[in-house]
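The values are calculated or read from the model by the stated rules, or taken from the named source; none is laboratory data. This one's a predicted model, so the numbers in the text were calculated from it and none came from an experiment. No Cβ is skipped: glycine too gets one built from the backbone with ideal geometry, and neighbour counts run over all protein chains shown. Heads up: the accessible areas ignore ligands, DNA and RNA and are worked out on the full protein's heavy atoms, side chains in. Shrake-Rupley method; radii C 1.70, N 1.55, O 1.52, S 1.80 Å.
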Amino acid sequence: MKLFQVRKGQFVYYNNELHRVYGVKPMYKQSVHLIRLRDLTQHLTKAASVERYKPKELDSFIFNQKAYTLRNDRKAEEGNYILIHNPMPDSLDTYSLNEIEMVETADKKGVVTSNSHGVKHNEYLLMVPGRANDSHPIDYQDIEGVEPENLQDIESHNLMPNHPNGELLPTLGDIYKKRNSNELFEAMVVAIKGQTVYLGCGLELSQEELMNTDIWEFQYNLLDK
């Protein structure tokens, strides 16, 4: 792409992986600032190294370690993530193209997100957890050029990322509070390897242990703050 074609919010492929443009700084040599959607890491590059992709219904991708499918056949509810693909903010709102936000309240006219943005129903695509069977994975531009371990990572997200009891599995940035503790004890999920979860306090435990609501209580994810 040419630099003048790059806009904040665009989905682009860089190094074969899906990213979102979060800034364009023409005065810098690496003028395009990106966030890789699968793990929210930041990357700097040139306009010539990216290629735009316009997300559409039934596309699926990994966002912050979880797979989602974009749907336009249902309205968002409290707690859902939305992709604002058709932004039409009024004078009091500041959201932009392809922002991903969590819904705080919803009514017939639209939703209010956790960032206090009022978004109409025709401005967003609903991000449904998991990959639908008829979805189109867009994590990579050329699937044939993907390393085998990354292909396995995609396949591991093809199922709905839910606990057997219907609860979402732990993900990076989750904050948990320990129940029945004499002192306030909160810890953040800093790494996940297989079924093992690593907390910032140095504690290491299984996903099943952390999902035990008699011991641990989910508070929020840093991404939602």
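A few remarks follow.
- At R0 = 41 Å, FRET efficiency that the Cβ-Cβ distance of V190 and D73 yields, to 0.05: 0.65
- Highest mobility in the GNM of the chain, judged by mean-square fluctuation with C-alpha springs under 10 Å and restricted to K29, K177, K193, is found for K193.
- Estimated inter-spin distance, K178 and S31, nm [label 7 Å along Cα→Cβ]: 5.2 nm
- Overall Cα dimensions of the stretch 32-73 - principal axes, largest extent first, Å: 36, 21, 10
- Taking the protein heavy atoms of the chain in the context of the full set of protein chains, the accessible area attributed to carbon and sulfur is 48 percent at 1.4 Å.
- Taking amide H as placed 1.01 Å from N in the peptide plane, V197 has its amide H under 5 Å from the amide H of L205, S206, Q207, each at least 5 places away in sequence or on another chain.
- Two-site FRET efficiency, E204 against E144, from Cβ-Cβ distance with R₀ of 35 Å, rounded to 0.05: 0.40
- Per residue accessible area of the chain, 1.4 Å probe, in Å²: 58 Å²
- Along the stretch 77-84 the Karplus relation, 6.51 cos²θ - 1.76 cosθ + 1.60 evaluated at θ = phi - 60°, assigns HN-Hα couplings of 10, 3, x, 7, 9, 10, 10, 7 Hz to successive residues, with x for each Gly and Pro.
- For I215, neighbours were defined as the other residues whose beta-carbon sits under 13 Å from its Cβ, and their charges (Lys and Arg +1, Asp and Glu -1) total -1.
- Within the chain, helix-based [θ] at 222 nm, where runs of 4 or more DSSP H residues each add -39,500 (n - 2.57), nearest 500: -1500 deg cm²/dmol
- Take every pair of alpha-carbon atoms less than 8 Å apart whose residues are at least six positions apart; their mean separation over the length of the chain yields a relative contact order of 15 percent.
- Local electrostatic count at L3 - Lys and Arg +1, Asp and Glu -1, tallied over other residues with Cβ under 11 Å: +4
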